[in-house]
Each structure stands twice: as C-alpha cells, then as structure tokens.
Amino acid sequence: MSDHKPKFFTRWLFSTNHKDIGTLYLGFAIISGLLGGYLSFLMRLELMEPGIQYFSNPHDFAMFASMHGLIMIFFLVMPAVIGGFGNWFVPLMIGAPDMAFPRMNNLSFWLLPVALICSVISMFVPGTTSGNGFAGGWVMYPPLATSGHPGPAFDFVIIGLLAAGFSSIFGAINFITTIFNMRAPGMTIHKMPLMAWSVLVTSWLLLLSLPVLAAALIMLFTDRTVGTGFFDPAMGGDPLMFQHLFWFFGHPEVYIMILPAFGIISHIVSTFSRKPIFGYLGMAYAMVAIGVVGFVVWAHHMYTVGMDVDLKAYFLAATLIIAIPTGIKIFSWLATMWGGSIRMTIPMMWAQAFIFLFVIGGVTGVYLANAGLDTAVHDTYYVVAHFHYVLSMGAVFGIFAGFTYWFGKMSGYLYNKWLAAAHFWFFFIGVNLVFFPQHFLGMQGMPRRIVDYPDEFAYWNYVSSIGAIVTLVGVAFFLIWLVEAFIVKRKAPDNYWGEGANTLEWTLSSPPPFHQYEVLPKIK
Amino acid sequence: MSDHAIEHDYHLVEPSPWPFLSGVAALVWGLGMVVFFAGLHPRSAENPNGMMEFFFSRGMDMYGADKVSNGGWFFLILGLLLAAGVMIGWWRDVIKEGDSGDHTPVVQIGLRYGMIMFLMQEVMFFVAWFWMFFEFGLFHEVRASWNPDVLESAAAYADGFGVNAGGHAITTINAWDLPLINTLILLLSGTTLTWAHHAFVKNDRKSATFALGLTVMLGLAFIYVQAVEYIEAYGHRMTETNWLDSNIYGSTFFLATGFHGFHVIIGVIFLFVMWLRMMRGGMTQERHFGLEAAAWYWHFVDVIWLFLFVFVYIVFALN
C-alpha cells in the first residue's frame, strides 16, 4: 500500500488520507480566503471616500461585512490552521501513520463546502425587505437575526454554520483521539511537539464550545420559524441570552483560531534560531491555561448590554488574567531567539511579524478588556482594528508562516524566495496600512458596519483603503509564487531548512510517502 | 496490496464514498430544512400550483391555519433518506472491518476515546438548553431588576417565567402522570441493558439477545408515551389560552424534551442494530465495542432524562 495512490476522483473525493485531506482543506481555505477578501476589498473601496459610491444600499454593505466575518472565520482560518496544518502535521509530528478516524476526517472536510455553499446561497436570497442576504453581523444577535430578517437568507446561514459546526466537532474528536492514542513509542505527552499541543487544546475548545453554538443557532431557527420565544421578551424570553450562548462559544472560538498559529510560530522560531524552544512545558501549559480561562471570560464582549457591575468586574479580571499565559508565550519566543543563530528566511519573517503585530493586537485587547474603556469604544473601529491585528495579522500571518515553512514538505517543491518576499512585504505593509489607522478612527468614534461616515473620518479611511490596495498586491504575489512553484518544480530535499528543523516530519521525504511510518519511529 | 510489511496495528482505511455522499445528503437536507421551515418561494395568487410554488413553498404551512397542500417537505425527506442510506452503508463497512479484524486493541481504544468525546459534546449541547432553562427559572427577576428602564413593565416581566404575555399563570403537564411512567420505563431499560451486557460477557447469547430486545421495546415504549404526551399537549394548545407553549417555559420544555426524544430515537436505533448483530451471531465475548457504545449512549440519554424530569417537570411545577 505504501505509495499506491488511488485514481484521481477516488483520491480527492473519497480520500481517507490525512495528507490529501489536509491539502483539500488548504485549497478550500485559499478559495474562501479569496472570496472573503473580495468582500472586504469592496467594503474598503466603498469607504475610501465619504458618501455612498458603489453599494446600492446600506443593507448590502452590512451584508458584505457579515459574510466577510463568517467566511474568514469559519471557511478560511479554521480550515487552514486546524483542518489544513493540523491534518498534515499532527500525525507526522507525533509519528502516526494517519488520523484515528480517517473516514470521519473526510466527512469533516466535505461538510465545509456544504456550509460554504449554504452561506453563498444566503447572499442571493431575500433577507430583509431592503435586500438579499443576512446583514446582522457575524455575531447574529436577535432581534435583528429573528424578526429583523424575515427572509430565508439567514436560515441558510444557520444551516451552513450548523454544518461547519459538525465538521469541527468531528475534527476535534479525531484530533484528540489521534493525539491521545497514536503517539509513536517513546513520545510521551511531554515530548510532543508544540503544534500537536496547540491542536490538542484547540480541539478541546471546539468540542466543548461548538455544541453550545449549535443549540443557540437552533433556538434562533425555531424562534424564526416555529414560534418559540427564547429571544423574544414578549414571551418571557431575552435576546441577551443569545449573546451569552453565542459568546460562550465565541470567545473560545477566538483562541481556536489563534492557538494553532501559536504552535506553528513556535516551530518556526525554534528552527530558525537553531535552538530548542525556550520553556517547552511552560509554552504547552500556557496554551492549556489560555484554553481553560478562555471559557470563563465570554461576557467581556457584552459590557454595554447593561450587565451588573459585579459581573463586569469579574469578567474584566478574568480577561486580564489571559494576558499572563499569552505573555509567557511571547517572552518564551523572544527567549528562544535570544543568543540563537537566527536566519531570516521567509517563514521567519512571517513569524517575526506575527510576534510584533500580535503583541499590538494583544495590548489593545488588554485595553478593551477594561469595562469602562470598552464602553467608550465598543462597536467602533477600535475594536475592528484590535481583532484584525490578532486575526488578519495574527492568525493569517501564522497561516502564511506555516504555509511558507512547510510548502516544500507538502508539495515537494521549493518556492521562489524573492516572490515570496514580495508577498510578505506587500502584505505586511498593506495590512498595517489598513488596520493601524482604524485605531485612530475608533478613538474618534467611527462606528463599525456603516457604509457612510462624516467627513471628519475621511483622511484615515482613505489611508486605510490605500492599504487594502497594497494588500491586494500582496495577495497577487502569493498566488504568483504559488503557481510559479508548481510550474518550475524545483525539487525540495527532505530537510530543506537544515539544522534546527528537527521534528519528525523532516525525517520523511518531501512530499512524504502516501502512507508514512509503516515502521513506527522510536523516540528516545 | 501492501508492498512491504506494515509493522503497526493502526487501521488504515481504504478510500470510501460515504463522507462525500454525507456532504451531498447534508446539502439536500439543509435545503430541505430551509424550505420546510422557512420557505423559499412564496405562493403567488396568479400561479399557486406551479412547480416552484409546489416544491419551494413553506412545508410547515401544511400544518398551519390555512393548511395549503404543498411539496415543501420533499427536499427534507429526500435529505433524510440520503443521510439514512449513507449511514447504513458507512456503518455496514465499519462492522465488516470490525469482523475482519481491523479493529485491533489500539484501534478499539481509539474508538472508545471517540465515543467518550462524542458524548461530551452531546452533554455540552444539553448544557445550552439547561442553561436557558435555569437562567429563566432562577434569574428572571434579577435580570428584570437590572433593566427597569428598558422593560416596559419590569414587574410583569419579573414573574414572566411561569406567566404568559397576558399575565396568566400557565398550565403545565403533570409530572406525576406520563412523565413519571416514562422515568420508570427508562430506568427499567437501563437495568435490562445491563442485564444484556453482563449476559453477553458471560457468553449467554440467548438471554443477552432477550434482554437487549426488551431494552429496545422499553425504548419504543418511552417514545410512544412521549408521543402521547405531545399529542395531548398539542390538543391543549388548541383549546387553552394559557397553555404552556404561550411562554418561554414552553419553548425550553418542547425543545429540551424534543431533543431528548430525538436522542432516544437514535439510541433505540443504535440498540436495535446491536440486537440484529447479536441475532446474526456477530460480536464476540471479548470484542463487542458496538454494544458498549450503544450502552454508554443509552445511559447518557437516561441521565439527561432524569435531569429533565427533576427540573423541567417537577421543580418547575412546584413553583
């Protein structure tokens, strides 16, 4: 069976191979990313000048904003970091021949196109009387998501997210079982690479938070269609309860997106400093701590809903505690580089940028955790800037770091480093130009999700939109180096990063055999 | 098929059409859900019986006041049938692989982990429903007192959990009637299931099959009693203005017990499949994880019911 690959359709539609499924996930993530990026680019183009230029009405703009959020979270970041890199490298790194449940693994993948199709359909069926699609934001708060959107558009979104949720739950079960049960002989849990640790913690978060989202979505669905009153005060319900249920999922979701990036960055920093990661156990348990505390901080997204002040104080304190394990990670990366023999390769550039920009996003997060300050900047562009610094520059930089780090291992080809460097620099300058000015806009009081704004916000909006064009050039360079690498076909050696890249995947060929580890590796 | 020896006990599954077909089934089912519950194509007065109107108008309307006959159920049923077909094919493959010895000890440990985590996510799913129930049951007045300025009548809202919009106390189902019978049925089914398992471990297939069959019958009895209760409840809905579905208690009641009932149906099917396998001489004294997984699932369903019975039926009624 070793390198006996099935025929094309069997291989890609009916796959039970973790590497092929990982490739499918990554391809899916790139397509979704382009779609979500297209939506955001049009929004930025619209906001370049005050007044309404391209959109026919504000509903469409809000719909673009909502779908951009949902697509980027559920169909770009999660499939890329968990489905893509998790599938590819967790089994390779822990010395397992495949995932624990290879068939269920493929089910996890195939539910995602279903979810994406439902979400895309929703954009073309009636939402409200003023337009097609769902425009209630990715957070889907009622009553905007119930009586506010009587059309079937939001029902498609609900079904899509349920499918995506099941996909992630099955994926989580698969990863936890694989990591607990299939580590190579001698690889104790405390010798496991940090990427595997990060996916382990992420999977627990998915497993325990997604069912709550599923229930909340079902409540929305029944409120909309069969007349239950969960979120309807007239029947004794409370729209606020949706926010609690949603953020009980939504806050762990934030860590679901960023923890695998932490894992990727740890490997890259260690490889290109030619040093083992500083404080390995601290790094692993910092992620566990982030995961555990991440479950009890959700209402910091809800400071302005009229919560009791004691609750605000609790959620404020609990949220600030998360800065401690996160700080452990940041300082451990710095300590790993300290005195190391640093090579500024493309993945290392992404990793450096990740650390720098994630700290900015993290620090604005510490500000926002303060209930008093958050009351002033809640739902302004300050929040948009904050979460794009941790996502668009944290999670996405983590994805690009991992992609440039492992591209040769996955495809067997090396990319042109000048094209990849152009991708990095355009992207780096572009996203900073987009999002840094949004801090100023937020501080000036510009609200989120609006299509038009007063002239006083014009300057920094213009700068921000210029940044979007620069980012677009970066994305173009990404596609160019990707295509170029497959056309030119420079063969990648087994361990093309040389000394420092010492996890198990570098002992295999590039790309690895169809089924690896027929004789399990022994870890000393 | 292998070129050289594979020296590990893991199970490398051959390519399989089922996951992809599951995706197809999920897509059809999802379309069916939207059409059935929300409707995609409203009936126009000009052409009420066109193709689009028939298949894409809201299936629920068949049960509403106007009772329009339509095909809004079509995609939902088709999706469910496809899903059922996929599940039969998929699990038949799993059983075949199990019987052919692919489920080595290490693979069985993996299956155990998988089932435990599946149950954990099921627990979290019910946590959400109980969260709603307890939130409204315990903190309704507190929440009203936080927001007197935004609620038109904080006082009326405060005792809203047991009171409907008209300010009348709602009528609920008597916990010591059908729900008590159902509790006894489920608890009894737990004991017959344990009987079946112990008998099977002692290789007494005859009493194991009998006891498992009894468990399935008890599960069916539970579903029957629950159906009677629901039909009864539906009848009251038509006649009583203060019936429980007129407020938030009814929403939590129907959705929480409804999802529990749905899980009971799954559990009965799970147990029934294990019964069929036993009848056909499948599973062995040492290796019968399917039976154990079905038992775990059944006990989980049992525990959820006990929580529902104690809190949603009894404690609420005491209020």
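Being without any contact (Cβ under 8 Å) to a residue 40 or more places away in the chain, away from every other protein chain (no Cβ under 14 Å), of a type in the set (A, V, I, L, M) and open to solvent by 10 Å² or more (accessible area, probe 1.4 Å) is true for just one of A:LEU76, A:LEU144. Which residue is that? Steps first, answer last, please.
Numbers: A:LEU76 fails: without any contact (Cβ under 8 Å) to a residue 40 or more places away in the chain.
Selected residue: A:LEU144, the only one of A:LEU76, A:LEU144 that is without any contact (Cβ under 8 Å) to a residue 40 or more places away in the chain, away from every other protein chain (no Cβ under 14 Å), of a type in the set (A, V, I, L, M) and open to solvent by 10 Å² or more (accessible area, probe 1.4 Å).
Run down A:VAL431, A:VAL384 and say which single residue is at pLDDT 95 or above, out of contact with any strand residue (DSSP E or B) (no Cβ under 9 Å at 6 or more places or on another chain), over 25 Å from A:TYR25 (Cβ atoms) and of a type outside the set (Ser, Thr, Tyr).
Matching residue, one of A:VAL431, A:VAL384: A:VAL384.
Of all the residues that make up region A:315-367, how many are buried (at least 20 other Cβ atoms within 10 Å of the Cβ), of a type in the set (Phe, Trp, Tyr) and under 22 Å from the mean Cα position of the chain (by Cα)?
4
Out of curiosity, is A:TRP110 open to solvent by 20 Å² or more (accessible area, probe 1.4 Å), away from every other protein chain (no Cβ under 11 Å), hydrophobic (A, V, I, L, M, F, W, C) and in contact with a helix residue (DSSP H, G or I) (Cβ under 9 Å, 6 or more places away or on another chain)?
When the stated conditions are applied, A:TRP110 does not pass them.
Condition check ((1) closer than 20 Å to A:LEU504 by Cβ; (2) within 15 Å of the chain's Cα centre (by Cα); (3) not hydrophobic (A, V, I, L, M, F, W, C)) across all residues:
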residue	(1), (2), (3)
A:PHE170	no, no, no
A:THR178	yes, no, yes
A:PRO193	yes, no, yes
A:ALA196	yes, no, no
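When the residues of region B:232-273 are narrowed to those that are small (Gly, Ala, Ser) and facing chain A (nearest Cβ under 9 Å), which ends up farthest from B:THR209 (Cα to Cα)?
Here the residue is B:SER246.
Could you list, in sequence order, the residues of region A:175-205 that are more than 23 Å from A:ASN502 (Cα to Cα) and in contact with a Gly (Cβ under 7 Å, 6 or more places away or on another chain)?
Scanning region A:175-205 gives A:THR177, A:TRP204, A:LEU205.
Could you please find all residues in region A:148-181 being open to solvent by 10 Å² or more (accessible area, probe 1.4 Å) and of a type in the set (A, V, I, L, M)?
Listed by number, the residues that qualify are A:LEU162, A:ALA163.
Only residues that are buried (at least 19 other Cβ atoms within 10 Å of the Cβ), closer than 14 Å to B:VAL94 by Cα and within 7 Å of chain A (Cβ to nearest Cβ): list them for region B:6-39, please.
Of everything in region B:6-39, those that are buried (at least 19 other Cβ atoms within 10 Å of the Cβ), closer than 14 Å to B:VAL94 by Cα and within 7 Å of chain A (Cβ to nearest Cβ) turn out to be B:VAL13, B:PRO15, B:SER16, B:TRP18, B:PRO19.
Which of the residues that make up region A:341-400 are farther than 22 Å from A:LYS312 by Cα and either touching a Cys at 6+ places or on another chain (Cβ under 7 Å) or charged (D, E, K, R) (or both)?
A:ARG343
So, in region A:218-274, exactly how many residues are of a type outside the set (Phe, Trp, Tyr), facing another protein chain (nearest Cβ under 10 Å), part of a helix (DSSP H, G or I) and under 20 Å from A:GLY160 (Cβ atoms)?
Of the residues in region A:218-274, 7 are of a type outside the set (Phe, Trp, Tyr), facing another protein chain (nearest Cβ under 10 Å), part of a helix (DSSP H, G or I) and under 20 Å from A:GLY160 (Cβ atoms).
Can you name the residue in region A:201-217 that is open to solvent by 10 Å² or more (accessible area, probe 1.4 Å) and either within 7 Å of chain B (Cβ to nearest Cβ) or without any contact (Cβ under 8 Å) to a residue 60 or more places away in the chain (or both) and is also farthest from A:ILE277 (Cα to Cα) among such residues?
A:ALA214
The values are calculated or read from the model by the stated rules, or taken from the named source; none is laboratory data. Just so we're clear, the structure is a prediction, and the values are computed from it rather than from any experiment. Don't worry about glycine lacking a Cβ; one is built from the backbone with ideal geometry, like all the others, and counts go over all protein chains shown. In case anyone asks, the SASA skips ligands and DNA or RNA and just uses the protein heavy atoms, side chains included. Shrake-Rupley method; radii C 1.70, N 1.55, O 1.52, S 1.80 Å.
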